[in-house]
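Report on the structure given below.
The values are calculated or read from the model by the stated rules, or taken from the named source; none is laboratory data. This is a predicted model, so every value here is computed, not measured. Cβ atoms come from the backbone with ideal geometry, glycine included; neighbour counts cover every protein chain shown.
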Amino acid sequence: MFLVSFGAPRAETEDSCKSGSDGLPDDLRPGDRLSARGTLDAYAPAACAEASGSRHPVGVARALQLRVDASCPITRAPPGALPEPARIDAALASQLADGSNAELLREWGGALVRLESMSAELDPEDGDAVFPFGVIRLQETPFEVHSRLYYFDLSGAGPRDPKKGPGYAYPTHFDSLTGIVFLDYCSWVLAPRDRCSDLLPKSAGCD
(Lines give C-alpha, C1' and ligand atoms only; values in the text may rest on other atoms or scores of the structure.)
Protein backbone atom coordinates (compact mmCIF):
# COMPACT_ATOMS: atom_id res chain seq x y z
CA MET A 1 0.00 0.00 0.00
CA PHE A 2 1.15 3.54 -0.74
CA LEU A 3 1.10 6.20 1.93
CA VAL A 4 0.22 9.61 0.48
CA SER A 5 0.25 12.96 2.27
CA PHE A 6 -0.14 16.49 0.95
CA GLY A 7 1.77 19.40 2.46
CA ALA A 8 1.37 23.13 2.37
CA PRO A 9 0.60 24.55 -1.09
CA ARG A 10 3.64 25.93 -2.88
CA ALA A 11 3.53 29.66 -3.58
CA GLU A 12 4.27 30.76 -7.14
CA THR A 13 7.34 32.62 -5.86
CA GLU A 14 8.82 29.50 -4.23
CA ASP A 15 11.17 27.17 -6.09
CA SER A 16 10.18 24.04 -4.17
CA CYS A 17 7.58 22.68 -1.78
CA LYS A 18 7.99 23.41 1.93
CA SER A 19 9.72 20.54 3.69
CA GLY A 20 8.11 18.98 6.76
CA SER A 21 4.58 20.23 6.11
CA ASP A 22 2.95 16.88 5.38
CA GLY A 23 2.37 13.74 7.44
CA LEU A 24 5.41 11.78 6.16
CA PRO A 25 8.87 12.40 7.64
CA ASP A 26 11.44 13.50 5.06
CA ASP A 27 14.03 11.06 6.41
CA LEU A 28 12.10 7.79 6.01
CA ARG A 29 14.42 4.89 5.21
CA PRO A 30 13.98 1.28 4.06
CA GLY A 31 13.29 -0.93 7.08
CA ASP A 32 11.47 1.79 9.09
CA ARG A 33 8.46 0.34 10.91
CA LEU A 34 5.47 2.67 10.74
CA SER A 35 2.14 3.26 12.41
CA ALA A 36 -0.22 5.27 10.24
CA ARG A 37 -3.82 6.42 10.37
CA GLY A 38 -5.66 7.95 7.48
CA THR A 39 -8.34 7.60 4.85
CA LEU A 40 -8.33 4.52 2.64
CA ASP A 41 -8.58 5.45 -1.00
CA ALA A 42 -7.79 4.11 -4.46
CA TYR A 43 -6.43 6.14 -7.34
CA ALA A 44 -5.94 6.11 -11.08
CA PRO A 45 -5.46 9.16 -13.31
CA ALA A 46 -8.67 10.64 -14.69
CA ALA A 47 -7.71 9.58 -18.20
CA CYS A 48 -7.65 5.93 -17.09
CA ALA A 49 -10.55 3.82 -15.95
CA GLU A 50 -11.36 1.35 -13.23
CA ALA A 51 -11.40 -2.30 -14.11
CA SER A 52 -15.15 -2.63 -13.52
CA GLY A 53 -18.10 -0.28 -13.36
CA SER A 54 -16.09 2.38 -15.14
CA ARG A 55 -17.36 5.60 -16.61
CA HIS A 56 -14.28 5.72 -18.87
CA PRO A 57 -13.66 3.86 -22.14
CA VAL A 58 -10.56 1.99 -20.97
CA GLY A 59 -10.29 -0.28 -17.94
CA VAL A 60 -7.43 -0.19 -15.39
CA ALA A 61 -7.42 -1.28 -11.75
CA ARG A 62 -6.80 1.58 -9.32
CA ALA A 63 -3.87 1.72 -6.88
CA LEU A 64 -4.72 1.38 -3.20
CA GLN A 65 -3.61 4.32 -1.02
CA LEU A 66 -3.75 5.45 2.58
CA ARG A 67 -4.06 9.24 2.66
CA VAL A 68 -2.31 10.58 5.77
CA ASP A 69 -3.27 14.04 7.02
CA ALA A 70 -0.54 16.37 8.23
CA SER A 71 -2.44 16.85 11.50
CA CYS A 72 -2.09 13.13 12.25
CA PRO A 73 1.43 12.22 11.03
CA ILE A 74 2.81 8.70 11.02
CA THR A 75 4.93 7.47 13.92
CA ARG A 76 7.97 5.21 13.80
CA ALA A 77 9.24 2.32 15.86
CA PRO A 78 12.89 1.15 15.77
CA PRO A 79 13.84 -0.11 12.27
CA GLY A 80 13.41 -3.76 11.44
CA ALA A 81 14.87 -6.04 8.78
CA LEU A 82 14.66 -4.89 5.18
CA PRO A 83 11.77 -6.50 3.28
CA GLU A 84 12.64 -9.37 0.99
CA PRO A 85 11.12 -9.24 -2.50
CA ALA A 86 8.58 -11.86 -3.47
CA ARG A 87 9.71 -13.84 -6.50
CA ILE A 88 7.18 -13.85 -9.33
CA ASP A 89 7.26 -15.64 -12.68
CA ALA A 90 6.50 -14.42 -16.18
CA ALA A 91 2.93 -15.73 -16.07
CA LEU A 92 2.01 -13.71 -12.97
CA ALA A 93 3.92 -10.69 -14.31
CA SER A 94 1.81 -10.83 -17.47
CA GLN A 95 -1.40 -10.87 -15.44
CA LEU A 96 -0.22 -7.82 -13.51
CA ALA A 97 0.69 -6.02 -16.75
CA ASP A 98 -2.83 -6.60 -18.09
CA GLY A 99 -4.00 -4.17 -15.41
CA SER A 100 -7.66 -5.13 -15.43
CA ASN A 101 -7.89 -7.59 -12.51
CA ALA A 102 -8.73 -5.30 -9.59
CA GLU A 103 -8.64 -8.12 -7.02
CA LEU A 104 -5.22 -9.33 -8.17
CA LEU A 105 -3.77 -5.81 -8.19
CA ARG A 106 -5.25 -5.03 -4.79
CA GLU A 107 -3.17 -7.97 -3.54
CA TRP A 108 0.02 -7.16 -5.47
CA GLY A 109 -0.12 -3.39 -5.97
CA GLY A 110 2.72 -1.75 -4.03
CA ALA A 111 4.43 -5.09 -3.37
CA LEU A 112 8.19 -5.51 -3.67
CA VAL A 113 8.82 -8.28 -6.22
CA ARG A 114 11.63 -9.84 -8.21
CA LEU A 115 11.73 -11.29 -11.72
CA GLU A 116 14.62 -13.53 -12.68
CA SER A 117 16.25 -14.53 -15.98
CA MET A 118 14.67 -11.98 -18.32
CA SER A 119 15.91 -10.56 -21.62
CA ALA A 120 15.39 -7.01 -22.85
CA GLU A 121 13.76 -6.20 -26.17
CA LEU A 122 15.49 -4.12 -28.82
CA ASP A 123 14.51 -0.47 -29.25
CA PRO A 124 14.70 -0.22 -33.07
CA GLU A 125 14.97 3.57 -32.96
CA ASP A 126 18.22 3.69 -30.97
CA GLY A 127 19.49 0.12 -31.30
CA ASP A 128 19.80 -0.26 -27.51
CA ALA A 129 17.62 -1.89 -24.84
CA VAL A 130 15.99 1.26 -23.40
CA PHE A 131 12.88 2.76 -24.98
CA PRO A 132 11.86 6.43 -24.57
CA PHE A 133 11.13 7.65 -21.04
CA GLY A 134 13.39 5.02 -19.46
CA VAL A 135 11.22 2.03 -20.35
CA ILE A 136 12.69 -1.48 -20.64
CA ARG A 137 10.50 -4.04 -22.40
CA LEU A 138 11.01 -7.73 -21.76
CA GLN A 139 10.83 -10.60 -24.24
CA GLU A 140 9.21 -13.04 -21.79
CA THR A 141 6.33 -10.84 -20.51
CA PRO A 142 4.54 -7.55 -21.32
CA PHE A 143 5.33 -6.40 -17.74
CA GLU A 144 7.49 -3.35 -18.50
CA VAL A 145 10.26 -1.94 -16.32
CA HIS A 146 9.85 1.83 -15.75
CA SER A 147 12.35 4.29 -14.29
CA ARG A 148 9.77 6.64 -12.78
CA LEU A 149 10.47 6.07 -9.06
CA TYR A 150 14.19 6.77 -9.10
CA TYR A 151 14.15 9.21 -12.04
CA PHE A 152 11.80 11.54 -10.16
CA ASP A 153 13.28 11.16 -6.66
CA LEU A 154 15.64 13.61 -4.95
CA SER A 155 18.88 11.69 -5.52
CA GLY A 156 21.64 12.97 -7.79
CA ALA A 157 20.81 16.41 -9.14
CA GLY A 158 17.13 15.90 -8.29
CA PRO A 159 14.06 14.91 -10.33
CA ARG A 160 14.60 14.43 -14.07
CA ASP A 161 18.38 14.46 -13.78
CA PRO A 162 19.40 13.03 -17.20
CA LYS A 163 22.29 11.13 -15.60
CA LYS A 164 19.78 9.00 -13.66
CA GLY A 165 18.24 7.39 -16.75
CA PRO A 166 18.91 3.68 -17.30
CA GLY A 167 21.46 2.66 -19.90
CA TYR A 168 21.63 -0.82 -21.43
CA ALA A 169 23.04 -2.07 -24.70
CA TYR A 170 21.24 -4.69 -26.76
CA PRO A 171 21.26 -7.57 -26.15
CA THR A 172 21.01 -7.54 -22.36
CA HIS A 173 20.01 -10.53 -20.23
CA PHE A 174 18.95 -9.70 -16.67
CA ASP A 175 19.76 -12.15 -13.91
CA SER A 176 17.17 -10.31 -11.80
CA LEU A 177 14.92 -7.25 -11.80
CA THR A 178 13.59 -6.02 -8.46
CA GLY A 179 11.01 -3.30 -7.91
CA ILE A 180 7.56 -2.17 -6.84
CA VAL A 181 4.37 -3.23 -8.62
CA PHE A 182 3.40 0.31 -9.55
CA LEU A 183 0.67 2.14 -11.48
CA ASP A 184 2.60 4.47 -13.78
CA TYR A 185 -0.08 6.65 -15.33
CA CYS A 186 -2.36 3.98 -16.89
CA SER A 187 0.06 1.04 -16.90
CA TRP A 188 0.86 -1.42 -14.12
CA VAL A 189 4.63 -1.90 -14.29
CA LEU A 190 7.72 -2.99 -12.38
CA ALA A 191 9.31 0.14 -10.89
CA PRO A 192 12.86 -0.37 -9.53
CA ARG A 193 13.82 1.84 -6.59
CA ASP A 194 17.35 2.27 -7.89
CA ARG A 195 18.93 1.48 -11.28
CA CYS A 196 22.15 0.35 -9.62
CA SER A 197 20.99 -1.86 -6.74
CA ASP A 198 17.68 -3.27 -8.06
CA LEU A 199 18.83 -4.31 -11.54
CA LEU A 200 21.37 -7.06 -12.24
CA PRO A 201 23.38 -6.29 -14.25
CA LYS A 202 23.56 -2.69 -13.11
CA SER A 203 22.76 0.16 -15.45
CA ALA A 204 25.51 2.01 -17.27
CA GLY A 205 26.68 4.92 -15.15
CA CYS A 206 26.73 2.97 -11.88
CA ASP A 207 30.00 2.75 -9.97
Practice problem: Output the qualifying pairs, or none if there are none: Cβ atoms under 6 angstrom, residues six or more apart or on different chains, first residue in the range 15-44 and assigned by TED's automatic domain parsing to the domain that holds residue 3, second residue outside any loop (DSSP other than H, G, I, E, B) and of a type in the set (Val, Ile, Thr). | Solution: 35/75
Quiz prompt | Residue selected from the range 163-186 under the condition at pLDDT 95 or above and hydroxyl-bearing (Ser, Thr, Tyr), by the criterion farthest from the chain's Cα centre (by Cα) | solution = 170
Quiz item: Among the listed residues 15, 22, which satisfies the condition of being part of a loop (DSSP other than H, G, I, E, B) and at pLDDT below 80?
Solution: 15
Self-check item: Count of the range 122-153 residues which are over 16 Å from residue 192 (Cβ atoms) and under 15 Å from the mean Cα position of the chain (by Cα)
Solution: 0
Exercise. Consider only pairs whose beta carbons are under 6 Å apart and that are at least six residues apart or on different chains; among these, list those whose first residue lies in the range 125-142 and is farther than 17 Å from residue 163 by Cα and whose second residue is among the hydrophobic types (A, V, I, L, M, F, W, C) and in a loop (DSSP other than H, G, I, E, B).
Key: none
Quiz item: Regarding residue 119, is this residue of a type in the set (Ser, Thr, Tyr), surrounded by fewer than 17 Cβ atoms within 10 Å (Cβ to Cβ) and under 18 Å from the mean Cα position of the chain (by Cα)?
Solution: no
Self-check item: Residue satisfying condition, being closer than 19 Å to residue 142 by Cα and exposed (fewer than 12 other Cβ atoms within 10 Å of the Cβ), within set 91, 46, 11
Solution: 91
Quiz item: If we scan the range 123-140, do we find a residue that is within 29 Å of residue 64 (Cβ to Cβ), in contact with a helix residue (DSSP H, G or I) (Cβ under 7 Å, 6 or more places away or on another chain) and acidic (Asp, Glu)?
Solution: yes
Self-check item: For residue 42: the one exception among (1) among the hydrophobic types (A, V, I, L, M, F, W, C); (2) closer than 24 Å to residue 83 by Cβ; (3) assigned to a loop (DSSP other than H, G, I, E, B)
Solution: (3)
Quiz item: Across the range 152-194, what is the total count of residues that are assigned to a loop (DSSP other than H, G, I, E, B) and either surrounded by fewer than 20 Cβ atoms within 10 Å (Cβ to Cβ) or out of contact with any helix residue (DSSP H, G or I) (no Cβ under 6 Å at 6 or more places or on another chain) (or both)?
Solution: 21
Quiz item: Just a yes or no: is a residue in the range 151-160 under 20 Å from residue 28 (Cα atoms) and among the polar types (S, T, N, Q)?
Solution: yes
